[in-house]
Every structure is written in structure tokens, then in C-alpha cells.
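To keep things clear, I will list the structure first and then write my remarks on it.
Every number in this text was worked out from the coordinates using simple rules, so none of it is lab data. Everything numeric here is computed off the predicted structure, so don't read it as measured data. Counting neighbours? That spans all protein chains shown, and the Cβs are built from the backbone with ideal geometry, glycine included.
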Amino acid sequence: MVRIRMHRLLGASFVALSLLGCGSADLGCATAECASDRFFRAEASSLPDCEGAMRSVLGVSIDVEVLYSDSLAVDDVARLTRSAASYYAEYRSSFRLLEAPQALELGPLIAGSRSELEGALIDAGLPVEGELDAEQTALMDAIVAKLLLAPLREFIREHAVPRRPLVLLVVLERLTAPSLYEEGRLSAAIDGLGLSPEFVSRLRDSGDATDLFDALELPVEFTPTLFLDVEALGHFEHPDNIVAHELGHALGLLHTDEPGNLMNPEVAESCRAWLSKAQTTSIVETVEAR
């Protein structure tokens, strides 16, 4: 039996090792200007500030495009995009839709069946049961991660390349296939995933683990992208911090261990997380460079 090891990446539990037609919808309006109010209307938070709260000004307008699974209700999509708007509005920042959100026929982007996994291991000459030595384990890690991330890799290549000067927001019914939980390959939900060239480059420079990005085989340049899982985030009464955290990665921010900071991997739901002056400066520089 294939054994599982968990890695905490991007604030979400990701199993990497030893183990992933376009249509139209009734938005109630046909223009980006009209849809902006529905999808990015900021709402005041009733949460208290987290420990160490500080306020600095971003003052930027972030251009976005929204893609979402055609199996979703528009209101479920808007709930999460408004979460991003509500958080960043506190920093005097807003979002500008460049075109009306588009519904796509999308399934989970992190997926892979047991039979596919076992077939890939057999093809590589690896046993599907029993103990592995260090070299075999490293090879299996790479095979499994590459298999599970194949749909996500193809999505990025199709929709995020070449790079555009905006953030692509992708809202899915499920980011990860239910079979990964049923078969024990994931033990915790992946709420969202934020990716950008700046984030990947800074992560490599920091010396932190980059297993996920190595397996994704990301191009040097691609459109910063935020993936959100409606089912996983639906369990949170206040998803603002979680959505804003993953968007922070798409805006180039790394993790920090500062209590109460938005980019702490253990960001709380019960209080309003904050960004430091250095973080807001970094976001401004990243947005303006695009």
C-alpha cells in the first residue's frame, strides 16, 4: 500500500509524497462594470482585529478576471470574490473586472485515481507495496506529485500563459478530487492556492521547500492566479482572511510567523488579520510593475 506524508504548503495541507468548454451564465448583467458590483462589493467586517494589528495604505486597483465552474451558483462565487474585496478595502484597495466573469466546464484540478498512481509506479519499476529506500522514495514522490498536479499544470498552461498584467481568480466547486480524501491521500481540505512568478521566485530565494512548484513545472512567467474551493471554504463563517491570504501569495507575499499577520500559515478566522508596512509596500511594487 502506498504510504502518505503530508506537507504544509501555502497554508494548505498538500499530499505530495508517497502518495491530484466555456459557457455563459446568468449574471444578471452583461458588462464588467455591472458585474464588478456583484462580485467585488466590499462589506464591512464585524470581526475584532487580530493580535498586533496595524493599518497601512495600499491604495492600488488590482485588475482581475474571474473564471468559475459552471456547476456553481453565481452567488457562491460572488461570496468568495467579495471576501477578497472586503479584506483589501480596509487597505484602500479595490478590484477592477476587465470583462464579465466566465463559466467553464471545470472539474477538480488536483486529482488522480489509485489505479493511475499504481500504474505510474509500476511503469517506473517501483513496488506498490512494501518499504522503499531513499532513492525509490524520491522517485515515487516526483511521480505522484506530477500525476496529481497534471490537471492544474494543464490549466495554468492553457489559461495563465502568456502572462497578463492582472490576477486570474478561479473559483471551483472542488479544487481537489473527493477520491483523494476517500483513499487517504489527503487528510485536510485545500481551501485555496495562490501562485505567482514573484511568489515562486522569492520562495526559492528564501531557501524554503519548493516541491509543489517543482512538480507543477511552472513557466518562468505566467499570470498570477488564485484558486478557491467553494466546498472547503463553505465551512467557514468568515472566509475573508483565508481568501485574502491565498491572494497574498498571488501578489507575491511569502509566509511569516508573526502572530495575527495575514500571511501566517495558521491565520485565524475569528479575528481580522493584518498586513505589515513591508508587505503593503511589496504588494504596491508588484502591482505597479505589471
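Between Arg55 and Val128, with labels modelled 7 Å along Cα→Cβ, what's the label distance in nm to one decimal, could you check?
Using points 7 Å along Cα→Cβ, the separation is 5.8 nm.
What is the set of long-range amide H partners of Phe95 at a cut-off below 5 Å, with H atoms built 1.01 Å from backbone N?
For Phe95, the qualifying residues are Ile62.
How far is it, in nm, from the label point at Lys277 to the one at Leu104 when both lie 7 Å from their Cα along the line to the Cβ?
Simple spin-label model gives 4.0 nm for this pair.
Bin by bin, in steps of 10 Å, what percent of the Cα pairs in region 5-289 do you find, going until the bin that has the longest distance?
6, 29, 35, 21, 7, 1
Test of the criteria: in region 95-170, which trypsin sites (Lys or Arg not before Pro) are in a DSSP loop and have at most 15 other Cβ atoms within 10 angstrom of their Cβ? Walk me through the intermediate numbers first.
On the way: sites: Arg96, Arg114, Lys146, Arg153, Arg157, Arg163; in loops: Arg163.
Of the trypsin sites (Lys or Arg not before Pro), the ones in loops of region 95-170 whose Cβ has at most 15 other Cβ atoms within 10 Å are Arg163.
Grab the other residues whose beta carbon is less than 13 angstrom from that of Asp229, score K and R as +1, D and E as -1, and report the net.
Numbers: positive: Arg79, Arg174; negative: Asp76, Glu173, Asp191, Glu231, Glu246.
For residues surrounding Asp229, the net value is -3.
Roughly how big is the chain's charge dipole about its Cα centre, with Cβ charges of +1 (Lys, Arg) and -1 (Asp, Glu), in debye to the nearest 20?
Values: 23 positive and 46 negative charges, 140 e Å.
My answer is approximately 680 debye.
Given a Förster distance of 30 angstrom, what is the FRET efficiency for Ala73 paired with Glu285, based on the Cβ-Cβ distance and rounded to 0.05? Before the final figure, lay out the partial values.
Numbers: r = 37 Å, r/R0 = 1.23.
For R0 = 30 Å, the calculated efficiency reads 0.20.
When ranked by the protection proxy of mean other Cβ atoms within 10 Å per residue, highest first, what sequence do the peptides 170-176, 52-58 form? All intermediate terms of the calculation are to be shown ahead of the outcome.
Numbers: 170-176: 24.1, 52-58: 14.0.
Highest to lowest by the protection proxy: 170-176, 52-58.
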